[in-house]
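This report concerns only the one structure given below.
The numbers here are math on the coordinates, done by the rules we state, and not lab data. Remember, predicted model here, so these are calculated numbers, not experimental data. Heads up, the Cβs are rebuilt from the backbone with ideal geometry, glycines too, and the neighbour counts pull from every protein chain shown.
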Amino acid sequence: MLSLSPDTDRLDGAPSRDRQPPLLRLRGLSKVYGQLTAVQPLDLDIDSRDFVAMLGPSGCGKTTLLRMIGGFVAPTTGTIEIAGNDVTALGPERRPTNMVFQGYGLFPHMNVAQNIGYGLRLQKMPKGEIDARVGETIALVQLADLANRGIDQLSGGQQQRVALARALVMRPKVLLLDEPLAALDLKLRQAMQEELRRIHHEIGGTFVFVTHDQSEALGLANRIAVMRDGRLEQVGTAQEIYASPETRFVSTFIGEANLLPGRRSNGTVILAAGPQFSEAGVDGEISVVVRPENLLALAPGETAEMVLDGEVRDVVYLGSHVKYKVAVRGGSEMIVHARPDRMPASRAGEKMRIGWLRRHHRIVSA
Ligand SMILES: Nc1ncnc2c1ncn2[C@@H]1O[C@H](COP(=O)(O)OP(=O)(O)O)[C@@H](O)[C@H]1O
Ligand SMILES: [Mg+2]
């Protein structure tokens, strides 16, 4: 069995989060380019079996952070520890990391197998061993039939697999992937996401995957680190990030969110849309965040913990659910996903009340 990090256990289901020091430990890590701070000092721990997505909009510092971990960019401040060793001062070739670059960077004059074996030949590994390792890895990415093909005779998706195999063959403890699927069309991208999950499951190890695509992050990773303006906004499981966003930015960047503006003073929240309720937290301007699937389209006589009067602006029947746009007091327009067998209103202009349970909302600072 090919294993990324022979000294760690295999992933046999949901990773447990007890014990063991983190495999990758970043402390106070930052990067400044002249006037521009690409990455603000940040701390992050990543476990040995994590598949982490670094998620954020273009320019937020994802590539810079990944390159610091891989040793391609020297940090301005901070330290990088891998498996208990400080690697901050080491070059890329001396770190137990390997990186798959966005443009693949394959050698056009070598065939598939030669590309994959390149790093091992550099290390002067005996030929028999190289052949065995390449054979194992080429099977893992399902390219065995194409071992002797030239790179220019491969599709984009196949080139992607070669790039992946070339990194995996080195058996890094940490595999770094910088938007590796960005150049592929949607279908191939989805297929490669499944492939990556399978490969991670088979060989274990730590994958750090950079993307600006929230659905890719949700679909791939068991942990998501949301970045914005060089900062980590929130780190957690996909469920934590989606169900309990800690900031307004996170709530809108991942999934669809309804935001109701309001104010909190002395623990009392007053929404511009009308309702008041008590909920402890920091005083000031706030927004209440509710996901569309947690809003209820209330039939006459029905009620809920939180209720707003509204007027339907748009109704779209989508098969699995009905999507309402509902205007409420204070100027907000709410998106409600209702069950198609419960449609209390059927056209724009009708009055409709909407409601939700308090445990389904989160309060973030405005
Ligand atoms: N070598 C560099 N020199 C100067 N500025 C850079 C360099 N690399 C990145 N930057 C800047 O740092 C910021 C973060 O870039 P990057 O890490 O590439 O973001 P992302 O990968 O999230 O799109 C951007 O403003 C970018 O222009
Ligand atoms: Mg980038």
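Under 5 Å between amide hydrogens, built in the peptide plane, is the criterion, and for ASP314 it picks out LYS325 among residues at least 5 positions away or on other chains. Across the range 115-127, rounded Karplus estimates of 3J(HN,Hα) from the backbone phi angles (6.51 cos²θ - 1.76 cosθ + 1.60, θ = phi - 60°) give 4, 5, x, 3, x, 6, 5, 4, 7, 6, 6, x, 4 Hz, Gly and Pro being marked x. Counting beta carbons within 10 Å around each of THR137, THR64 and listing the fewest first gives the order THR64, THR137.
When the helices of the chain are scored as -39500 (n - 2.57) per DSSP H run of n ≥ 4 and the total is divided over every residue, the value at 222 nm lands at -7000 deg cm²/dmol.
Using all pairs of distinct alpha-carbon atoms, the Kirkwood hydrodynamic radius of the range 159-286 works out to 17.3 angstrom.
Bridging of LYS323 to lysines at a Cα separation below 25 Å is possible for LYS351, once same-chain residues fewer than 8 apart are set aside.
Among the aspartates and glutamates, which have Cα under 19 Å from the Cα of LYS325 when same-chain residues fewer than 8 positions away are ignored? Correct list for LYS325: GLU256, GLU293, ASP309, GLU311, ASP314, GLU333, ASP341, GLU350. Averaging sequence separations of C-alpha pairs under 8 Å and six or more residues apart, then dividing by the length of the chain, give the relative contact order as a whole percent. The value is 16 percent. On the beta carbon distance between ARG121 and ARG197, with R0 = 41 Å, the FRET formula returns roughly 0.85.
By the equivalent-ellipsoid construction on the alpha carbon gyration tensor, the chain comes out with semi-axes of 46, 24, 17 Å, ordered largest to smallest. Free of any trypsin sites (Lys or Arg not before Pro) that DSSP assigns to a loop and that have at most 11 other C-beta atoms within 10 Å, the longest stretch within the chain is 125-346. When you restrict to C-alpha pairs under 8 Å that are six or more residues apart and normalise by the size of the range 256-360, the relative contact order lands at 29 percent.
Straight-line reach from LYS62: taking Cα to Cα under 24 Å and skipping same-chain neighbours fewer than 8 places apart, the lysines in range are LYS31, LYS173. The phi-based Karplus calculation (6.51 cos²θ - 1.76 cosθ + 1.60; θ = phi - 60°) puts the 3J(HN,Hα) values of the range 245-256 at x, 8, 9, 4, 4, 4, 5, 8, 6, 10, x, 9 Hz, whole numbers, x for Gly and Pro.
Close amide H partners of ILE286, meaning residues 5 or more places away or on another chain with modelled amide H under 5 Å apart, are GLY262, ARG263, ARG264, ALA366.
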